[in-house]
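*Asks:* Structure incoming, see below.
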Amino acid sequence: MSFPDQHGHFGEFGGRYVPETLMALLDELDKVFRSLKYDKAFKKEFAFLLREYAGRPTNLYLAKRLSSHFKRLNVYLKREDLLHTGAHKINNTLGQILVAKKMGKTRVIAETGAGQHGVATATACALMGLKCEVYMGAEDVERQALNVFRMKLLGAKVIPVTSGSQTLKDAMNEAIRDWVTNVDNTFYVIGSVAGPHPYPLMVREFQSVIGREARQQYLAKEKKLPDYLLACVGGGSNAMGLFHAFFNDKTVKMIGVEAAGKGIATGVHAAPLSVGTVGVLHGSKSGLLQTKDGQIKIAHSIAAGLDYPGVGPEHAYYKKIGRAQYVSVTDQEALQGLKLLSQTEGIIPALETSHAIAYLEKLARNIKRKASVASAASVIVCLSGRGDKDVGGLKDLI
């Protein structure tokens, strides 16, 4: 797998569309990251933190009662929810903060939607002794109050963003503005496989441990590869983390699940791969929700972590070449998915992850196989995060 190219392009997608102020810094970051990828000491330190601090490897769990509900599926859950901080985000933040330390940066900034990336960044900064400031849309600050408190408890400063839709897109806008004016001492930790090169590559590499583990674990259990991979997609880091290791396994079908919000037909959603067009946002060319004249539309999802009008460029590339399929699930379907997993397996997933769980109903209907266990299709779902952060707002919805 030789993509992206040296300029960060996944086919026509990706690249680097940023102010001149950031070009030299991104060149330096690219050079440092590529050297550290092959640095034995760096790799050893990162692996140690993933194992001893974050809690890797995570389990690949056969959800028997959930599988019985669908009859035509054997559902395995890749339990990223069991990691320290409660989601896959810690894989990436530990890696990026190590890079920041190597570059001599003393201040770290981040954007966050659901708050999981913010908590993971604050956690890694506390561990490694760096100052941390997190930009978060004012609407998300309100609906993710628990994670806001966690970030503050970890020593981070949380900065509410009141512009635009007051969600993830606007938080990322403000983080980039900060970065442009503080390039000398500040490292920007992007939480997904989005942004200018080398961020989509760097985040993918740090998250690809998910897929490498899942592939090894499934082969050890079943002596074959799974039929399907399934993951929710906002920016797309948990999905790409799972998908990447299986890219050359052509028999394995990959499905990314976007947020259909109140329904694709209503226009109130966050599904740029399903119905968006190609454009540039936050330094990268990819699928976007935008008007005909290129103005970014407001995205909507009940899940704050999926409430983004763009997507990582590698996902746009996967869609274009037909390597992955991208579908969507509504808010109400996601709520039913959350309830289903909670009551069949005793696992309360994050609202983001619940979109992937919800799509299992549609996948099961689409599979033309006998209903016996022996002939059931196998699917690995990336259980990207746990639902502790969401339960406070669910009482009146389920």
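*Asks:* Specify which labelled value, from [x] 5, 21, 29, 27, 15, 3, 0; [y] 5, 25, 36, 25, 8, 1, 0; [z] 5, 19, 23, 19, 16, 12, 5, 1, 0, agrees with P(r) over Cα pairs in 10 Å bins from 0, in percent derived from the coordinates of the model shown.
*Replies:* Checked against the structure: label [y].
*Asks:* So, with a 1.4 angstrom probe, what is the percent of accessible area on the chain that is carbon and sulfur? Walk me through the numbers before you get to the answer.
*Replies:* Numbers: 8160 of 15630 Å².
With neighbouring chains kept in place, the figure for the chain is 52 percent.
*Asks:* Then there is this: How do 218, 17 rank by accessible surface area computed with a 1.4 Å probe, from largest to smallest?
*Replies:* Working: 218 5, 17 110 Å².
From most exposed to least exposed: 17, 218.
*Asks:* If Lys and Arg each add +1 and Asp and Glu each add -1, what is the summed charge of the other residues whose beta carbon sits under 11 Å from the beta carbon of residue 156? Each step should come with its number before you reach the end.
*Replies:* Numbers: positive: 131, 150, 152, 157; negative: 133.
So the environment of residue 156 carries a net charge of +3.
*Asks:* List every residue whose amide H lies under 5 Å from the amide H of residue 135, counting only residues 5 or more places away in sequence or on a different chain, with H placed 1.01 Å from N in the peptide plane.
*Replies:* Long-range HN contacts for residue 135: 110, 111, 112, 159.
*Asks:* On to the next question. Using a cut-off of 22 Å between alpha-carbon atoms, which lysines can reach residue 253, once sequence neighbours fewer than 8 places away in the same chain are excluded?
*Replies:* Leaving aside lysines fewer than 8 places away in the same chain, those within reach of residue 253 are 64, 71, 78, 221, 223, 224, 319, 320, 362, 368, 370.
*Asks:* Any idea how far the Cα center of segment 296-338 sits from the one of segment 186-211, in Å?
*Replies:* So the two Cα centres are separated by 18 Å.
*Asks:* Calculate the FRET efficiency for residue 106 and residue 146 from the Cβ-Cβ distance with a Förster distance of 35 Å, rounded to the nearest 0.05.
*Replies:* Numbers: r = 29 Å, r/R0 = 0.82.
Calculated transfer efficiency: 0.75.
*Asks:* Same structure again: Return the sequence-ordered ³J(HN,Hα) values of segment 160-166 in whole Hz as given by the Karplus equation 6.51 cos²θ - 1.76 cosθ + 1.60 applied to θ = phi - 60°, using x for Gly and Pro.
*Replies:* x, 10, 9, 8, x, 7, 6
*Asks:* Taking a cut-off of 25 Å between Cα atoms, list the lysines near residue 40, but don't count ones fewer than 8 places away on the same chain.
*Replies:* 31, 89, 101, 102, 105
*Asks:* Relative contact order of the chain, please, whole-number percent, based on alpha carbon pairs below 8 angstrom and at least 6 residues apart. Could the numbers behind the result be given before it?
*Replies:* On the way: 871 pairs, mean separation 80.8, N = 398.
Once divided by the residue count of the chain, the mean separation gives 20 percent.
*Asks:* While we're looking at this one, here's another question. What are the residues whose amide H is under 5 Å from the amide H of residue 385, where those residues sit 5 or more places off or on another chain and H is modelled from the backbone?
*Replies:* 81, 350, 353
*Asks:* Further question: Within straight cross-link reach of residue 297, meaning Cα distance under 15 Å, which aspartates and glutamates are found once same-chain residues fewer than 8 apart are removed?
*Replies:* 170, 307
*Asks:* Can you tell me which of 53-61, 138-146, 195-203 comes out highest on packing, and rank the rest after it, using the mean Cβ neighbours within 10 Å? Intermediate results must be reported in sequence, preceding the final value.
*Replies:* Values: 53-61: 17.9, 138-146: 19.4, 195-203: 26.1.
Listed from highest to lowest mean packing, they are 195-203, 138-146, 53-61.
*Asks:* Less than 12 Å Cβ to Cβ from residue 255, Lys/Arg counted +1 and Asp/Glu -1: what total charge do the surrounding residues give? Before the final figure, lay out each step's value.
*Replies:* Values: positive: 253, 319, 323, 362; negative: 227, 258.
Around residue 255, the surrounding residues sum to +2.
*Asks:* Measuring with a 1.4 Å probe in the full set of protein chains, what accessible area per residue, in whole Å², belongs to the chain? Mind showing how you got there, number by number?
*Replies:* Details: 15630 Å² over 398 residues.
Heavy-atom SASA per residue in the chain reads 39 Å².
*Asks:* Any idea what the alpha-carbon Rg over 2.2 N^0.38 Å comes to for segment 81-238? Please report the intermediate quantities before stating the final value.
*Replies:* Numbers: Rg = 16.2 Å, N = 158, 2.2 N^0.38 = 15.1 Å.
Normalised Cα radius of gyration, segment 81-238: 1.07.
*Asks:* If Lys and Arg each add +1 and Asp and Glu each add -1, what is the summed charge of the other residues whose beta carbon sits under 10 Å from the beta carbon of residue 238?
*Replies:* Values: positive: 78, 89; negative: 80, 352.
Local charge sum for residue 238: 0.
*Asks:* As an exercise, find the ratio Rg/Rh for segment 202-256 from alpha-carbon atoms, using the Kirkwood inverse-distance average for Rh.
*Replies:* On the way: Rg = 10.7 Å, Rh = 11.2 Å.
Over the Cα atoms of segment 202-256, Rg/Rh equals 0.96.
*Asks:* For a Förster distance of 22 Å, can you work out the FRET efficiency between the beta-carbons of residue 292 and residue 265, rounded to the nearest 0.05?
*Replies:* Working: r = 18 Å, r/R0 = 0.84.
That gives a FRET efficiency of 0.75.
The values are calculated or read from the model by the stated rules, or taken from the named source; none is laboratory data. Because the structure is predicted, anything quoted here is derived from the model rather than measured. Every residue, glycine as well, gets a Cβ built from its backbone with ideal geometry; the counts of neighbours run over all protein chains shown. Just so you know, the surface numbers come from the protein's heavy atoms only, side chains and all, with ligands and any DNA or RNA stripped out. Shrake-Rupley method; radii C 1.70, N 1.55, O 1.52, S 1.80 Å.
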